[in-house]
Structure formats: C-alpha cells, structure tokens
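What follows is a short report on a single structure.
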Amino acid sequence: MDSQKEALQRIISTLANKNDEIQNFIDTLNQTLKGVQENSSNILSELDEEFDSLYSILDEVKESMINSIKQEQARKSQELQSQLSQCNNALENSEELLEFATRSLDIKEPEEFSKVSDNMTHLMVDFSQERQILQTLKFLPVPKAPEIDPVECLVADNSVTVAWRMPEEDNKIDHFIMEYRKTNFDGLPRVKDERCWEVVDNIKGTEYTLSGLKFDSKYMNFRVRACNKAVAGEFSDPVTLETKALNFNLDNSSSHLNLKVEDTCVEWDPTGGKGQDSKIKGKENKGSVHVTSLKKHSRSGTPSPKRTSVGSRPPAVRGSRDRFTGESYTVLGDTAIESGQHYWEVKAQKDCKSYSVGVAYKTLGKFDQLGKTNTSWCIHVNNWLQNTFAAKHNNKVKALDVAVPERIGVFCDFDGGQLSFYDANSKQLLYSFKAKFTQPVLPGFMVWCGGLSLSTGMQVPSAVRTLQKNENGMTGSTSSLNNITQSNMIAFYKRNA
C-alpha cells in the first residue's frame with residue numbers, strides 16, 4: 001500500500017511539474033504573439049511613412065512641372081499680346097500695312113510670318129527614371145536571432161561580459177539590444193519571474209560588459225536581439241549565468257548594548273540600549289553597513305546567538321542575553337560561512353581610533369575580543385596615541401610593516417583554511433592566516449571611537465584569485481604569531497593602553 005502511495009505521489013508530482021511547464025510555455029507563446037503583433041504594427045506604420053515620403057517627393061516634382069508650364073504659358077501669352085499690338089498698329093496705319101505687305105512678298109522664309117508656331121512638346125513629362133527607381137526599391141529583411149555563446153561569457157569582479165554572434169553574416173545590422181535581469185532560479189528564465197527585464201540599447205559590437213554590479217542573486221538571465229534600420233529581430237535563446245556572492249548584514253542581536261543597529265547602520269548609543277527601539281528594520285542584500293562607537297576597548301562579549309548559514313537570514317531581534325557586553329564593542333555578521341571562498345571589504349572613517357576586522361566562531365564569548373582567543377582571527381588598527389597595525393590570533397600579535405589602506409579586503413577560503421587581508425584598491429596582500437576551520441565562521445568587527453562601512457555582495461576579485469594561486473608561501477601565518485616573545489606582546493599592549 002505504501003509503495004502504491006509513493007508511486008501515486010511521484011505521478012502527481014510529475015503531473016504538477018508538467019502542468020507548470022505547459023503554463024510557462026503558454027505564457028511564453030502569449031508574450032511572443034504580443035511581440036509579433038506589436039512588430040507588425042510598427043512595420044505597417046513605417047511602411048506608410050515610407051510611401052508617404054515617396055508621394056511627397058512625386059507631389060513636389062509635379063508642382064515644379066506645373067509651375068514651369070504656367071511660367072512658359074505666361075511668357076508665350078505676353079509674346080503673343082505684343083505681336084497682336086503690333087498688328088493693330090499696322091491696321092491703323094494702312095500705308096505702313098501696304099508697305100509691310102509689299103515687303104512681305106519678298107519674304108521667302110515662312111517661319112518669319114508668325115513667331116507663334118512654337119509648340120510645347122518639350123514640356124512633356126517623362127517618368128521613366130522615377131519608375132525605374134521605384135522598381136529597384138528593396139525592403140530590409142527581419143534580422144535573425146543572435147546566438148549567445150556561454151563559453152565566451154565572463155563573470156568576474158562584479159562584472160558580466162556577454163558575447164554573441166549572428167547565425168549568418170548580415171551587413172545590414174545597425175545595432176543590438178540586450179536585456180538582463182537578476183534571478184535565483186537556474187536554467188531558462190521564467191515568464192512570471194520576480195524581476196523585470198532591464199534594457200541596454202544601441203550596442204554596436206557583439207559583446208557588452210555590465211560593470212559595478214551588486215551580486216545579490218544567484219544567477220542572471222540574458223537575451224539579445226539584432227536591429228537594422230527598419231525592424232528589430234527576435235530575441236536570442238536566453239542564457240543564465242551564475243553570479244553567486246556572499247551577502248550579509250550586521251547581526252544586531254549579537255552587537256554590544258552600546259551599539260545601536262537600525263537597518264544598515266550601527267552607531268554608538270550613550271544610553272546603553274535602554275532607549276533603543278525594540279523593532280529593528282532588517283533589510284536583506286544590503287551592500288554597506290556603518291559602524292560607530294565611542295568607548296575604549298579592552299575585553300570582549302558573550303557567545304554569539306544562533307545564526308544561519310550562507311543564503312538565509314533570520315529576523316533581527318534585539319534583547320538577546322547573548323549579545324556582547326563589557327568593553328567588547330563587537331558585532332558579528334548575520335550569515336555563517338560553512339564552505340567556499342568569499343570576499344568583502346571594510347572602510348574606516350578617518351577619525352576612527354581603533355578597530356578590528358576578521359572572522360570568529362559562533363562560540364566567541366560575550367567578553368571576548370577579536371584576536372584574543374583561539375576562536376577568532378583579525379587584523380587590528382590603533383590610531384590612539386601611537387599608530388599600530390597588527391594581525392591578532394589566540395592573544396598573539398604580529399606587527400605589520402605596511403601602511404593601513406583606505407579600504408581593507410577580506411578573503412576567506414573556508415575549505416582551504418585561509419584568511420587573507422588585502423589593500424582593496426591595489427590588491428596588495430597585507431597578511432594571511434593559515435587555519436583549519438573546524439566550525440562555521442562569522443565575519444566579525446570591533447570598533448571604538450569611530451566607524452566602519454562594510455561592502456558585501458562582491459565576488460572574489462580576479463587579482464586576489466591570481467595571488468592566491470601564485471602565493472604558496474604566506475606573508476604571515478598563525479605559527480608566526482606563536483613565536484612572538486612575551487616582551488614584544490607587553491610592548492604592544494603598552495602602546496595600545
């Protein structure tokens with residue numbers, strides 16, 4: 001009985017899927033029919049305009065000829081009137097008329113008797129040339145649909161380059177139109193997708209690069225059509241390209257009481273959270289987060305509350321007992337990293353006195369500071385009294401003899417057990433940790449007397465991938481931190497006191 005139910009369930013599931021495919025196909029046909037009707041109307045309208053233009057030219061030629069005929073008629077009439085006046089004068093003077101008749105007997109050329117024998121045959125209209133031009137008119141055919149080549153398409157550095165070709169050479173193509181939209185569905189685009197197509201018009205070549213994108217969806221759909229000066233052709237078969245990237249916000253439920261979190265902002269709260277609104281707006285797929293704090297740091301806070309892995313994000317709830325406390329002004333990301341390679345960037349305000357950027361396990365204690373436990377890794381910048389720049393892990397410190405960049409890029413290779421920090425502008429490697437991550441990690445941030453801005457939804461830059469492949473040895477490692485002498489640690493903490 002159970003096996004029959006399972007078989008029936010599979011049949012029902014298959015029928016439901018087929019029904020969905022048929023419905024999508026019907027919607028596609030309706031959309032295509034609508035496009036055909038619109039294109040036909042446009043073609044008829046343009047054809048009417050072309051013939052109206054030809055009629056206008058013929059009307060101008062006709063008007064010019066009529067004017068020429070009228071001008072010639074007026075000239076001949078004036079000439080005849082002049083001759084008629086002369087004849088009247090001759091009749092009035094008989095003597096002159098007789099003398100004129102006598103002289104006329106000697107005239108041998110009959111053309112001189114009358115100068116009005118001219119005819120108007122030279123004004124006949126010859127339309128043979130115009131008729132030949134009209135007969136040679138050829139209308140442009142509808143361009144064929146281009147073919148997008150997925151192999152030639154490139155997704156890198158938050159940009160997408162789409163390449164296509166025509167199925168056969170067509171020198172009448174004037175430009176191309178590309179449409180794209182973000183989606184979380186693999187395969188062919190759905191008619192009833194959650195996002196509308198965006199249009200890029202007047203593309204002269206056979207490839208186009210969309211740059212500066214925020215990759216807040218798993219995929220992007222693309223389609224292209226060719227246009228000549230008369231009409232646009234059909235769209236190419238759509239292509240879906242993968243555009244996965246790590247998106248996360250700061251988790252207000254794990255932040256210190258003196259850090260106020262609203263939407264994408266975290267700022268110092270002098271009331272210690274007592275006057276803070278319990279409802280914190282949580283928006284998904286935010287690309288920048290601001291962090292502000294005004295207290296000196298020394299120790300760090302509670303085990304962070306339960307969070308989700310990459311791809312899902314719970315509603316933010318302020319009031320958790322597990323948030324950081326004491327003088328650990330720390331906040332974690334709301335999305336855990338359990339596998340893969342990920343990248344994000346952090347920018348500090350110019351007046352920021354002290355901050356840390358790194359990752360930590362979910363088990364980071366409420367009083368713990370980043371880098372002072374064996375469950376967290378970070379680089380720390382201190383601009384208070386003395387300027388220091390160091391890598392920290394397991395309460396060990398490694399001074400970095402490089403300038404603090406304007407923006408710091410963070411590269412986390414979970415499977416490869418590597419955490420690297422880069423100058424986000426020049427892609428210069430600042431420091432790398434080698435660690436075998438035994439638990440999911442969360443992006444972590446500590447800030448005192450200043451602020452940070454965080455950018456997510458970024459792919460691992462090509463320059464970083466190249467450096468990771470070429471760099472078999474690291475500029476620094478966890479083992480190097482273990483070799484720091486006690487005197488160096490004491491000197492470091494004195495500088496940061």
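Here the accessible area of the range 346-458 is 46 percent carbon and sulfur, with a 1.4 angstrom probe and all protein chains present. Both the radius of gyration and Dmax for the range 1-66 are 28.5, 96 Å, in that order, over alpha-carbon atoms. Could you give the C-alpha radius of gyration of the range 353-454 expressed as a fraction of 2.2 N^0.38 Å, taking N as the number of residues it contains? Working it through for the range 353-454, the quotient is 1.01. Extension gain, Ser3 to Lys469: 0.36 nm times the residue separation minus the Cα-Cα distance gives 162.6 nm. Taking each of Lys347/Lys434; Lys372/Lys469; Lys144/Lys229; Lys396/Lys469; Lys372/Lys392 in turn, the alpha-carbon distance tops 18 angstrom for Lys347/Lys434; Lys372/Lys469; Lys396/Lys469. Per-residue extension of 0.36 nm, minus the Cα-Cα distance of Asp415 and Arg10, leaves a gain of 142.1 nm for this segment. For the range 357-421, the solvent-accessible area of protein heavy atoms averages 36 Å² per residue (probe radius 1.4 Å; ligands and nucleic acids excluded). Here Leu29 and Ser211 are evaluated by their C-beta separation; at R0 = 25 Å the FRET efficiency comes out at 0.10.
In this structure the range 187-262 gives 47 Å² per residue of accessible area when probed at 1.4 Å with all protein chains present. Is the shape of the range 146-211 best called rounded, prolate or oblate, per the rule: a/c under 1.5 gives rounded, else a/b larger than b/c gives prolate, else oblate, with a ≥ b ≥ c the square roots of the Cα gyration tensor eigenvalues? Since a/c reaches 1.5 and a/b is larger than b/c, the shape of the range 146-211 is classed as prolate.
Using R₀ = 35 Å, calculate the FRET efficiency as 1/(1 + (r/R₀)^6) where r is the Cβ-Cβ separation of Gln73 and Phe51; round to 0.05. Rounded to the nearest 0.05, the efficiency is 0.60.
The values are calculated or read from the model by the stated rules, or taken from the named source; none is laboratory data. Everything quoted here is computed from the prediction, not taken from an experiment. Ideal geometry is used to build each Cβ from the backbone, glycine not excepted, and the neighbour counts take in all protein chains shown. Quick note on the areas: whole protein, heavy atoms, side chains included, nothing else; ligands and nucleic acids left out. Shrake-Rupley method; radii C 1.70, N 1.55, O 1.52, S 1.80 Å.
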